[in-house]
Amino acid sequence: MRKDITVEFWRVTVASKVIMCGRTACTLAPDEVCRSCSVRTVGKDGTKKYEAPQWRDHPGDHKYRPSYNVAPTRFTPVMISEHHMKGVKREAEKEEGEGEELPSQLIIQPMMWGLIPNFYKASSPTGHGYSTNNCRLEDLEEKKMFKPSLVRGQRCVVLCDGFYEWQAIKGSKTKQPYFIYAASQSEGIKIWDRSSWDTEGVWSEEEGWKGPQLLKMAGLFSRWTSSEGEEVMSYSVVTKAAEGKFSDLHHRVPAILNTDQEVQDWLNYGKVEYKEALNLLAKVKAEVTWHPVSTQVNNSRNQEMDMNHPVDPKKEAPPSGSSLFMANWLKKGSGKVKNDDDVKVKEENKVKKEEDDEK
Amino acid sequence: MFEARLVQGNLLKKVLDAIKDLLNEASWDCADSGIQLQAMDNSHVSLVSVNLRAEGFDKYRCDRNIIMGMDLTSMSKILKCAANDDIITMKAQDNPDNVTFMFESPSQEKVSDYEMKLMNLDQEHLGIPETDYACVIKMPSGEFARICRDLSQFGESIVIACTKEGVRFSAAGDIGTANIKLAQTSSVDKEDDAVIIDMQEPVTLTFACRYLNMFTKATPLSPQVSLSMSPEVPLVVEYAIGEIGQIQYFLAPKIDDQDN
């Protein structure tokens with residue numbers, strides 16, 4: 001009920017700005033992020049092995065810092081085709097004549113969440129005032145903000161453990177946050193619990209990555225240069241209408257790439273034209289699972305490690321000492337409500353009834 | 001039919017600025033005597049009480065008591081569309097689904113209407129216990145806002161200690177400690193600048209800066225603020241809303257959760 005009214009209100013009166021995916025968890029270290037994206041390759045001598053994409057730091061002082069509670073404007077790992085980097089020859093092209101097609105090489109580098117529009121001129125990458133954390137798949141081609149990235153093939157895959165979404169609860173003032181992550185986890189692996197997978201054999205060239213499966217969200221990126229000549233790369237997460245069970249939770253969902261092939265097709269802008277790539281995103285189904293988490297995550301300043309742990313929402317967080325204090329104090333005041341006729345009447349009735357009962 | 005017209009429309013704008021950071025949504029109780037809002041913040045540590053008296057409005061009519069649940073973020077967005085010198089009128093039917101805000105420019109040349117859908121909120125009536133306070137400190141509201149802002153750089157909480165000599169605000173944290181002492185004003189030239197302490201017994205209590213800083217969003221409403229304290233009861237921070245009412249913030253003292 002409440003949700004409907006709110007949504008309706010936003011639509012009618014204020015703006016078409018609907019909050020979508022705006023919080024993630026990225027807790028893996030750079031080397032782990034790379035290894036988790038390993039693909040199986042066949043060397044020239046026919047040996048098969050797993051190869052992890054290369055890590056590249058963002059120029060300047062923009063470091064990726066793993067976090068359980070990542071909000072826009074933070075730098076997080078994003079996978080792109082190496083052809084976006086100057087001076088990198090295209091390996092796959094060289095090999096093409098030899099019959100075997102190799103997947104094009106990928107690199108992973110941190111970029112800022114929230115695409116900086118190319119037309120924005122300023123010394124600082126933040127403060128352009130546009131909401132660019134997400135872009136809607138439906139109208140990507142019409143948006144001046146995102147069209148240039150689309151045309152230039154600046155497609156990326158945003159890597160994260162999972163993202164958070166808030167579900168409005170009927171008749172409640174608070175929203176319940178959920179942590180949403182890839183459904184395809186190996187048995188025994190809890191993506192929110194490092195101790196369930198962080199062992200010596202978690203990665204090897206022979207067997208690949210045995211840790212948690214990261215969520216791979218389709219994104220667009222831009223390369224922006226500040227008025228002071230600083231280069232900042234930034235991204236936006238593509239979202240689409242939610243389908244299936246997830247739509248009970250929220251009406252929008254990031255476009256999630258489930259297979260290596262989907263990832264390759266989305267990133268290989270030389271081979272897959274943008275129209276075809278958008279068709280691909282329209283088809284992909286989010287293979288995700290989720291659990292409720294603590295409302296601690298609501299504040300992006302909270303960075304505790306248990307942010308994405310499952311909680312039982314029925315068992316409310318124990319009230320703080322201060323809130324108990326407040327509740328006890330207010331109990332003393334019940335029956336002395338001032339200035340409200342309705343309540344006064346009710347209270348009087350109650351007193352009368354109590355008197356009657358005593359008789 | 002409910003209708004309330006306020007020539008000084010910017011008072012209502014300021015009231016919204018004073019509560020919207022603390023409350024996401026709240027119910028406005030409209031009765032013959034005036035408009036009231038009482039709500040606790042999400043963490044249930046503080047309580048806000050707004051009271052606008054019927055006499056304070058330039059025109060006030062309320063045939064039946066109504067409760068209007070509003071999304072305060074949305075209401076604030078609408079009120080942002082009113083100019084500071086606009087006359088604001090709130091209107092609703094007896095069993096309203098909507099509330100209308102009408103803004104008139106002083107010259108009456110521009111009239112805007114904004115209609116907002118109301119929400120069904122679970123409303124618990126909060127009884128505020130009548131309390132005699134051991135200390136009541138009246139001080140310039142700007143000074144209080146400044147003190148809260150300055151001290152919140154040092155730590156998460158502020159200690160307010162009131163003695164007959166004056167009132168001391170202090171904070172401690174990683175970077176060091178901070179102490180601000182205000183003495184009672186001896187000669188009052190301007191009433192708004194005075195610090196007046198009415199003390200029965202000394203009180204020292206600790207409060208979370210975060211909340212105090214949200215309360216000081218009400219500073220533009222009034223040149224003076226009053227802080228009322230007693231041991232074992234919440235602090236009351238009160239601002240007058242022009243001539244028409246007042247806003248009170250109740251805040252539970254900081255309690256170490258481990259002790260409980």
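Just give me the residues in region A:227-252 being of a type in the set (Ser, Thr, Tyr) and open to solvent by 50 Å² or more (accessible area, probe 1.4 Å), in sequence order. Across region A:227-252, the qualifying residue is only A:SER227. Could you say whether any residue in region B:143-158 is under 24 Å from B:ASN42 (Cβ atoms), assigned by TED's automatic domain parsing to the domain that holds B:GLU232, within 23 Å of the chain's Cα centre (by Cα) and assigned to a strand (DSSP E or B)? Scanning region B:143-158, I find at least one residue that is under 24 Å from B:ASN42 (Cβ atoms), assigned by TED's automatic domain parsing to the domain that holds B:GLU232, within 23 Å of the chain's Cα centre (by Cα) and assigned to a strand (DSSP E or B), so the answer is yes.
What do you reckon, is B:ASP86 more than 10 Å from chain A (Cβ to nearest Cβ) and open to solvent by 60 Å² or more (accessible area, probe 1.4 Å)? No; evaluated as a whole, the condition is false for this residue. In the set (1) out of contact with any His (no Cβ under 7 Å at 6 or more places or on another chain); (2) among the aromatic types (Phe, Trp, Tyr); (3) open to solvent by less than 50 Å² (accessible area, probe 1.4 Å); (4) within 30 Å of B:ASN120 (Cα to Cα), A:TYR181 fails one condition alone, (4).
In this structure, A:LYS143 qualifies as open to solvent by 40 Å² or more (accessible area, probe 1.4 Å), free of Cβ contacts under 8 Å to residues at least 12 places away in the same chain and among the basic types (Lys, Arg).
Of the strands (runs of 3 or more DSSP E) lying entirely inside region B:164-260, the ones with 3 or more residues being open to solvent by 70 Å² or more (accessible area, probe 1.4 Å) and within 22 Å of B:PHE154 (Cβ to Cβ) are found at B:176-183. Evaluate the following for B:ILE35: is it touching a Ser or Thr at 6+ places or on another chain (Cβ under 6 Å) and not assigned by TED's automatic domain parsing to the domain that holds B:THR219? For B:ILE35, the condition - touching a Ser or Thr at 6+ places or on another chain (Cβ under 6 Å) and not assigned by TED's automatic domain parsing to the domain that holds B:THR219 - is not met.
Against the test of being crowded, with 17+ Cβ neighbours inside 10 Å, more than 10 Å from chain A (Cβ to nearest Cβ) and in a helix (DSSP H, G or I), the options B:LEU52, B:LEU79 yield a single qualifying residue, B:LEU79.
For B:ASN42, work out the one condition from (1) surrounded by fewer than 19 Cβ atoms within 10 Å (Cβ to Cβ); (2) within 17 Å of the chain's Cα centre (by Cα); (3) more than 10 Å from chain A (Cβ to nearest Cβ) it doesn't fulfil. Unmet condition: (3). Which residues, counting only those in region A:1-56, are open to solvent by less than 40 Å² (accessible area, probe 1.4 Å), away from chain B (no Cβ under 14 Å) and either more than 30 Å from A:TRP192 (Cβ to Cβ) or modelled with pLDDT under 80 (or both)? Of everything in region A:1-56, those that are open to solvent by less than 40 Å² (accessible area, probe 1.4 Å), away from chain B (no Cβ under 14 Å) and either more than 30 Å from A:TRP192 (Cβ to Cβ) or modelled with pLDDT under 80 (or both) turn out to be A:MET20, A:CYS21, A:THR41, A:GLY43.
Counting only residues that are touching a residue at least 40 places away in the same chain (Cβ under 8 Å) and within 14 Å of chain A (Cβ to nearest Cβ), region B:214-260 holds 18 of them. For A:LYS63, the stated conditions hold: it is in a loop (DSSP other than H, G, I, E, B) and either among the polar types (S, T, N, Q) or out of contact with any helix residue (DSSP H, G or I) (no Cβ under 8 Å at 6 or more places or on another chain) (or both).
Does B:ILE88 satisfy the criteria of being in the same structural domain as B:CYS209 (by TED's automatic domain parsing), at pLDDT 95 or above and in a strand (DSSP E or B)?
Working: in the same structural domain as B:CYS209 (by TED's automatic domain parsing): no; at pLDDT 95 or above: yes; in a strand (DSSP E or B): yes.
So B:ILE88 does not fit the description; no.
Quick one: which of A:THR132, A:THR76, A:THR126 is open to solvent by less than 80 Å² (accessible area, probe 1.4 Å), part of a loop (DSSP other than H, G, I, E, B) and modelled with pLDDT of 90 or more? Quick ask: steps written out before the conclusion?
Details: A:THR76 fails: part of a loop (DSSP other than H, G, I, E, B); A:THR126 fails: modelled with pLDDT of 90 or more.
Just a single option satisfies the conditions, and that option is A:THR132.
What number of residues in region B:102-118 are outside any loop (DSSP other than H, G, I, E, B) and either free of Cβ contacts under 8 Å to residues at least 24 places away in the same chain or farther than 25 Å from B:ASP63 by Cα (or both)? Steps first, please.
Initial filter on region B:102-118 (outside any loop (DSSP other than H, G, I, E, B)): B:102-104, B:111-117.
Adding the requirement that they be either free of Cβ contacts under 8 Å to residues at least 24 places away in the same chain or farther than 25 Å from B:ASP63 by Cα (or both) leaves B:102, B:104, B:111, B:113, B:115, B:117.
Total meeting the criteria: 6.
The values are calculated or read from the model by the stated rules, or taken from the named source; none is laboratory data. This is a predicted model, so every value here is computed, not measured. Neighbour counts are summed over all protein chains in view; Cβ atoms, including those assigned to glycine, are modelled from backbone coordinates with ideal geometry. Accessible surface is based on the protein model in full, side chains and every heavy atom, while ligands, DNA and RNA are left aside. Shrake-Rupley method; radii C 1.70, N 1.55, O 1.52, S 1.80 Å.
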